[in-house]
Amino acid sequence: MSQPVEEKESILPVPPQAGVIRAVRGRALGRGVPEAHTLTIETSAGMSINAGLPWPEGTVPVKGRQVLGIVGPERFDRCPICGDTDATSRDHVPPEAVGGKLIVYTCARCNNTFGGRYEAAFQNWYNGSLGTMRVRGPGAPGSRVLGEVLLRRTDRGPDMLIPISDGDPAAWDIVKSGRGRVSVHRPNPADTRIASVKSAYLAACALLSDIPDSPRGVALRNELIAVRDTPRGTSPSVGRVSASLQIFRGPSEPTPGEVTLVHLPVWREHPYWISFNSSVFVEWPLELGLLVPFLKNALAESSLTSSIPED
């Protein structure tokens, strides 16, 4: 894992409010649905508060989405990332922890390194997690671990922080007192991008049933190998192609295990995307020309209406 990003200490938010969870939709719906995706809480004062993941503000960028193809499993004669012929490790897209499915086989080194160092950050981002929160205050020396905390937006103004792991009892005493300071150890955003790009690249290879030797394909593989080989404890350097790709989370309730190629007409300059769980979208990572044969077949066999990029 890369060095985490630690936010500066800030004054402890208001003391926690007592309440009862009246409804919740989340992990019970299946792996790939964030814990406490949406919930309704009734406070001790009788107020009902609805909360959910903080979606992008303004116009939802997935309006008019068309699914052009479903990405299924594909097996190559070598690792699609590094080219190792011992490609026997099951690789899930997106990461299995967020409901991904087996899409390709990679070598053990690529699969284990990306899974162990970068995919936890993707999972935190996907789940709307702030990471690990620590508190310090009167009555307890040093800082104490409160645990992992989810951020949820409410219909009553202030955002809601929801701890989902057991923390130090002394940390809770500080929180209840309302007289402490907090800091959050957040994963490096570069790790989230790397995991997203890796999944999108593997999905693109599976969709095309090929490991493209195009300029972008070669560049992406070189970038992924470079971050794979970055020494532990060192922040990875995100390559030019990886850094150029648009990545966002949409407002839909996730559909675990769904990996598709979609057309988003509102994104005129970047209309083709790889979609994970119907809720995460990564811009098509390879040359658009590689999609032409696939799109011609897909459009000929369906009633879909979508522009086809020029060769």
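Brief remarks on what is shown
- The residue that is surrounded by the most Cβ atoms within 10 Å (Cβ to Cβ), counting only those in the stretch 181-215 that are at pLDDT below 80 and under 14 Å from R134 (Cα atoms), is R186.
- The set of residues in the stretch 242-278 that are of a type outside the set (A, V, I, L, M, F, W, C), in contact with a helix residue (DSSP H, G or I) (Cβ under 8 Å, 6 or more places away or on another chain) and not in a loop (DSSP other than H, G, I, E, B) comprises S242, R249, Y272.
- Where C107 falls short, out of the listed (1) surrounded by fewer than 19 Cβ atoms within 10 Å (Cβ to Cβ); (2) of a type outside the set (S, T, N, Q); (3) at pLDDT 85 or above: (1)
- Residue in the stretch 56-78 that is exposed (fewer than 12 other Cβ atoms within 10 Å of the Cβ), under 17 Å from V280 (Cβ atoms) and touching a strand residue (DSSP E or B) at 6+ places or on another chain (Cβ under 8 Å) present: yes
- Subset of the stretch 140-178 [modelled with pLDDT under 80 and more than 30 Å from R25 (Cβ to Cβ)]: A140, S177, G178
- Listed conditions (1) in contact with a Leu (Cβ under 9 Å, 6 or more places away or on another chain); (2) at positive phi are all met by V182, apart from (2).
- Evaluating G157 against the criteria (1) within 23 Å of A51 (Cα to Cα); (2) in a strand (DSSP E or B) leaves one unmet condition, (2).
- Every residue from the stretch 41-77 that is among the charged types (D, E, K, R), assigned to a loop (DSSP other than H, G, I, E, B) and at pLDDT 80 or above: R65, E74, R75, D77
- For D166: the one exception among (1) assigned to a loop (DSSP other than H, G, I, E, B); (2) under 24 Å from the mean Cα position of the chain (by Cα); (3) surrounded by 15 or more Cβ atoms within 10 Å (Cβ to Cβ): (3)
- Within the stretch 107-150, tally of residues that are assigned by TED's automatic domain parsing to the domain that holds G32 and of a type in the set (K, R): 3
- Scanning the stretch 80-101 turns up at least one residue that is assigned to a strand (DSSP E or B), in contact with a His (Cβ under 9 Å, 6 or more places away or on another chain) and crowded, with 16+ Cβ neighbours inside 10 Å.
- Qualifying residue in the stretch 124-139 (condition: part of a helix (DSSP H, G or I) and of a type in the set (F, W, Y)): yes
The values are calculated or read from the model by the stated rules, or taken from the named source; none is laboratory data. Everything quoted here is computed from the prediction, not taken from an experiment. We place every Cβ from the backbone using ideal geometry, glycine too, and count neighbours over all the protein chains shown.
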